[in-house]
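Bear in mind that the values in this text are calculations on the coordinates, not laboratory data. Everything numeric in this text was worked out from a predicted model, so none of it was measured. Note: ideal-geometry Cβ built from the backbone for every residue, glycine included; neighbour counts use all protein chains shown.
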Amino acid sequence: MVNTAKKFVEKEVAPVALQVDETGEFPGQLFKRAGELGFLGITMPEQYGGLGLDFTTAALIYEEIAKSLPVLTVNMGAHAELAGGLLNMLGTPEQKEKYLTKLCSGEYIFACGSTGPEGGDNHVEHAANAVLDGDEYVINGNKVLVSNIGVADVYIIFIKTSEVDPITRDGISAFIVDKNTSGLTIGSYERKLGWHGSATGTISFSDMRIPKDHLLGPEGKCMQATAVSCTNEFLICGPVGLGMAEAAYQMAFDYSMSRIQHGVPMYDRFQVTKFKLVKMRTMIEELRAFVYGTLADKDAGNLELCEGRMLKIRGAEVAEEVAREAIQIYGGVGCIDETGVERFWRDAKVLAIGGASIEALQDFIGTMMRYGKYPLA
Amino acid sequence: MATIVACYKWVLDEEDLVINPDRSIDVSHARGKISEFDKSAIEATMQVAAQTGDATATLTFGTPDVRKSLKDALSRGPATGYWVGDAAACDADALVTSQVLASAIRTIDGTSLVICAEGASDTYARQIAPRVGALLDWPTVTSVIEMKVEGDSITATRKLDGCLETVTVNRPCVIAVLPAGYEPPIPGLKAVLSAGKKPLHELGIAELGCDPAPAAKVLSSQGFIANRRNVIFVDGDASDKVTSLVSALKKEGMLS
Amino acid sequence: MNEVLIYSDKPSLAAELVGFAREEEHDVTIVTFSPEEASELVGCGASKVVLLDGDSDIPENNARALAGLIDEWGVSLFAVGATPRGRDLAARVAGYLGCGMASDVSAVHLLDGKLSTERLMYGGAMVRSEEFSTPVVVTIPSGRFEAVRGVDSPLETIVIQPDMRVHLVEREPLSQEGADLSCAPRIVSVGMGVSKREDMALIEGLAAALDARIGCTRGIAEERGWVPAEQYVGISGVSVAPDLYLSVGVSGQVQHMVGVRDAKVIVAIDKNEKAPIFREADFGIVGDLYAVVPLLTDALVTAR
């Protein structure tokens, strides 16, 4: 399995990785190939075109891809983990037949819109709302920082359908929206520090009419499932951070061996370089143990919601620190984008925020630690 | 229904070979892999089967370790894996290997087409397809870059020195393909998963009635070490280095 | 007595193989399937030229009949020119005879009924010496032996029955797009270190200053398509033997270097001091090719 990912990365991803970062274009061809190779439905049921495998397998694949093009894991994560997880948990058999099969094959690209312009993690302040009118919901408002927009065939959006209970968060519903729906407007892409190619921007709804059968799950009660599908995505951020850190470390190590200073490789000449690399490597091995230990818990059904969040925190922190030190080892050359190492740092910085910031995750974990459980879970 | 058999060899990855200073070769770190060219033979088999609807199988001969290759081979599409694992494979030359493969092919019911690569990435001897053809006394077409199969009739295009040659041949026959026409795709996860569930058949050298004695007696195997002067200009600015190089080339009489 | 029997679909290569047999003082016979080639081959110094007159347009179709004759004549060594057709026919003959065969040998000796050979394995990383008893088949690439000229040898014709199961439909010549590097005295070779297609102008300038042909690595020809495929050097490309081989941005993987082993002088320019090519180069410059090549081009123009 991992060999399939390695070959894919070596032959198809690596040759265009820098180009994707430079142009910021959604890597559509790579995404399509990821679907053909089975990377988009690893944990989904076989009945709907998935492979029915565990999260450890999925993590190994994400890790390989993140070593070369982290943003592709972002495209895949939004599609397969967020949208796929929700469809799988909440979808009716008809919805799964219609959408989940095409999600697994990559025939349709999915995007997931949850963040309102007012508040990041605070789902209570959802600015978009839906009103039932006969057999249709009429939706108005917008969602920001949505990835895979424009290229997506289907959007899954979270919309307030009644007053939101601050504790249970009941009142928020999920909808399946086809890209050609009238009233749906796709904004332009944001220019960002990292994750170039994630096709991120705002989508707006203006009297957008969605038939009742496009409601995903029971009305007003999607947040429980969302907590799980988000956890799945946070889990994947662990191996993604690991892959990024490994790539940056390897580049820095190779550079320190090939750069000759005073007649010997930099690695041998400067103790500080060696020590930096040792520290980077130690952090990577720590993270690897944490990632695959936690995923073993997940696969055994023993995962606590806060563990998944911790994985994302640590994955982002390690990737950011290792990438930063890697640039430092390269020196001036490391700041040039053609070298290809600084993008790992830019992508790691976004990983520490995008999807849910380290602080939002810590807040959630803190509540769980205080009360023994999160009110929702 | 007829069967198409793809032959492949499990070889050491040449990238993992280490040449010691005394020119001996350290293979202890070398991993096995399906010879790259043979992946094209498997791909050609799948492409032909897609045209004809025939059954597909792979066949390999190697040391008992060769069993490890079957999952990779079958993840490339073929339905059944035949393998001969015997320590004799260590010393086998093309004479022995072709006899083992030909005898094994006789035991696979309904085989009407055997597809090989031109050569394996370790020896690159390019003997197997013609030898297997001779042993089975089947017609053989080598250097094939394209095939059209209709029923028993095959129209094949061969790429030879300076020409393209189109020939027709009827099954049963042996075809050797060049990688150019049959770039092997990366097997998807689904194919890798299902490969583990496909039927395997082990065949023994003795039951096939093959003599494992090779014709080639290996006298020595040594790593290649280039014997060059290695005068490399590293220090100084570019123009100094160029000046040094040009004067060295002049002394060698290379610029007259 | 038919000690050594020779065949090649390239008459010039058949003549080189006679050179091998004569060097070792073996009795040597050439077989051919074409009357035109037969008349060309009679002057090559063999004891005899035998025209095997079948009725097939495909030489390989004669393998089974030829194997029968080799057995009948008691041939010790069947030496074949290593071309695609030659290798095919040779291995089929070995298959029908059930004997050993050495492919594409770099050295070969026949002595006291034993054939000893050397050949490359693992893309050139390993040299293997082997020994065979006779009868045995060998394929030999061009350029290993000098052709000899001799008095016209007698020509004999034997009618044979080819295997007609493979039919020729058509044969069309492949247009040679690229230059022939096999005889070029100087070659400038491009590797993946040259990053942009526009930079080929730099390389062309350098080649012009040296009066050299342009070669390349597989990646440049097959992945980037900057240079015709006929001009890539290496195990699966052409082997070259120039006086001077000057590489620019070539890392020196064994699959490439095996094609330049017969070069008299190898010069490498690359920015990576650790690149394997520097271990296989006579002279080298570690440096940025974009700085080095223009200076070198100017210096060569001045020097010549």
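Which trypsin sites (Lys or Arg not before Pro) in the range B:1-42 pass both tests, a DSSP loop state and at most 13 other beta-carbon atoms within 10 Å?
Those that pass, being in a loop and sparsely packed, are B:Arg31.
Between the DSSP loop rule and a limit of at most 16 other Cβ atoms within 10 Å, which GluC sites (Glu not before Pro) in the range A:14-118 are left?
Values: sites: A:Glu22, A:Glu25, A:Glu36, A:Glu46, A:Glu63, A:Glu64, A:Glu81, A:Glu94, A:Glu97, A:Glu107, A:Glu118; in loops: A:Glu25, A:Glu107, A:Glu118.
Answer in residue order: A:Glu25, A:Glu107, A:Glu118.
To the nearest 0.05, what FRET efficiency results for B:Ser244 and C:Ser12 with a Förster distance of 41 Å applied to their C-beta separation? It would help to have the intermediate numbers written out before the result.
Numbers: r = 41 Å, r/R0 = 1.01.
Efficiency at R0 = 41 Å is approximately 0.50.
For C:Glu24 and C:Asp53, what does the FRET efficiency come to when R0 = 30 Å and r is the distance between their Cβ atoms, rounded to the nearest 0.05?
With R0 = 30 Å, the Cβ-Cβ based efficiency is 0.50.
How many angstrom lie between the Cα centre of the range B:94-131 and the Cα centre of the range C:40-61?
Here the answer is 29 Å between Cα centres.
Output the pairs from B:Lys68/B:Lys190; B:Lys68/B:Lys197; A:Lys11/C:Lys196; A:Lys7/A:Lys312 with a Cα-Cα distance over 22 Å in this structure; if there are none, say none. Intermediate values should be presented prior to the final figure.
Values: B:Lys68/B:Lys190 19 Å; B:Lys68/B:Lys197 14 Å; A:Lys11/C:Lys196 20 Å; A:Lys7/A:Lys312 26 Å.
With Cα atoms farther than 22 Å apart: A:Lys7/A:Lys312.
7 Å from Cα along Cα→Cβ at both C:Glu198 and A:Lys32: what's the point-to-point distance in nm?
A separation of 3.0 nm, rounded to one decimal place.
Extension gain B:Met1-B:Asp211, at 0.36 nm per residue separation less the Cα-Cα distance, in nm?
Values: separation 210, 0.36 × 210 = 75.60 nm, distance 3.16 nm.
Net length gain for the segment: 72.4 nm.
Considering only DSSP beta bridges with both partners in chain C, what is the antiparallel share in %, to the nearest 5?
25 percent
Amide H to amide H, which residues 5 or more places from A:Tyr137 or on other chains are under 5 Å from it, using H placed in the peptide plane?
Under 5 Å from the amide H of A:Tyr137 lie the amide H atoms of A:Ile210, A:Lys212, each far enough along the sequence or on another chain.
Got a sec? How would C:Trp226, A:Trp195 order by Cβ neighbour count within 10 Å, fewest to most? Let's see the in-between values first.
Details: C:Trp226 18, A:Trp195 24.
Least to most surrounded, the residues fall as C:Trp226, A:Trp195.
At 27 Å minimum axial length over the Cα atoms and a Kyte-Doolittle cut of 0.0, report the qualifying DSSP H helices in chain A, or say none.
Numbers: long enough: A:223-258 (52 Å, 0.54); A:271-300 (43 Å, -0.09); A:305-330 (38 Å, 0.02).
Those that clear 27 Å and a mean of 0.0 are A:223-258, A:305-330.
What distance in nm separates the simple spin-label points at C:Asp262 and A:Glu338, each placed 7 Å from Cα in the Cβ direction?
Label-label distance for C:Asp262 and A:Glu338, simple model: 3.8 nm.
What is the sum of charges around C:Asp262, taking Lys and Arg as +1, Asp and Glu as -1, for the other residues whose C-beta is under 12 Å from the C-beta of C:Asp262? Can you show the working numbers first?
Values: positive: C:Arg144, C:Arg261, C:Lys264; negative: C:Asp243.
Summing Lys and Arg as +1 and Asp and Glu as -1 gives +2.
Can you sort C:Glu223, A:Glu246 from fewest to most other Cβ atoms within 10 Å of each residue's own Cβ? Write down the numbers at each step before the final one.
Working: C:Glu223 11, A:Glu246 23.
Taking fewest neighbouring Cβ atoms as first place, the list is C:Glu223, A:Glu246.
Calculate the length of the line joining the C-alpha centroid of the range A:52-70 to that of the range B:1-75, in whole Å.
26 Å
Using Cβ counts within 10 Å as a stand-in for footprinting exposure, how do C:Cys183, A:Cys230 rank, fewest first?
Details: C:Cys183 10, A:Cys230 25.
Least crowded to most crowded, the residues run C:Cys183, A:Cys230.
Which value in nm describes the separation of the simple spin-label points at A:Asp54 and A:Val272, placed 7 Å from the Cα toward the beta carbon?
4.5 nm
Roughly speaking, what is the centre-to-centre gap between the range A:319-357 and the range C:192-224 when only Cα atoms are used, to the nearest Å?
34 Å
Going Cα to Cα from A:Lys274, which aspartates and glutamates come in below 13 Å? Please leave out same-chain ones fewer than 8 positions away.
Within the straight-line cut-off, A:Lys274 pairs with A:Asp254, A:Glu325.
If a paramagnetic tag sat 7 Å from the Cα of B:Gln222 along the Cα-Cβ line, which residues of the range C:112-149 would have the backbone N under 11 Å from that point?
Label zone hits: C:127-129.
Local charge sum around A:Lys221 (other residues, Cβ-Cβ under 12 Å, Lys/Arg +1, Asp/Glu -1)? Don't skip to the answer; put the middle values down first.
Working: positive: A:Arg169; negative: A:Asp165, A:Asp170, A:Glu219.
Overall, the nearby charge balance is -2.
Report, by chain and number, residues whose modeled amide H sits under 5 Å from the one on A:Met44, excluding near sequence neighbours (fewer than 5 apart, same chain).
Amide H to amide H, under 5 Å and 5 or more residues apart or across chains, A:Met44 pairs with A:Leu51, A:Gly52, A:Leu53.
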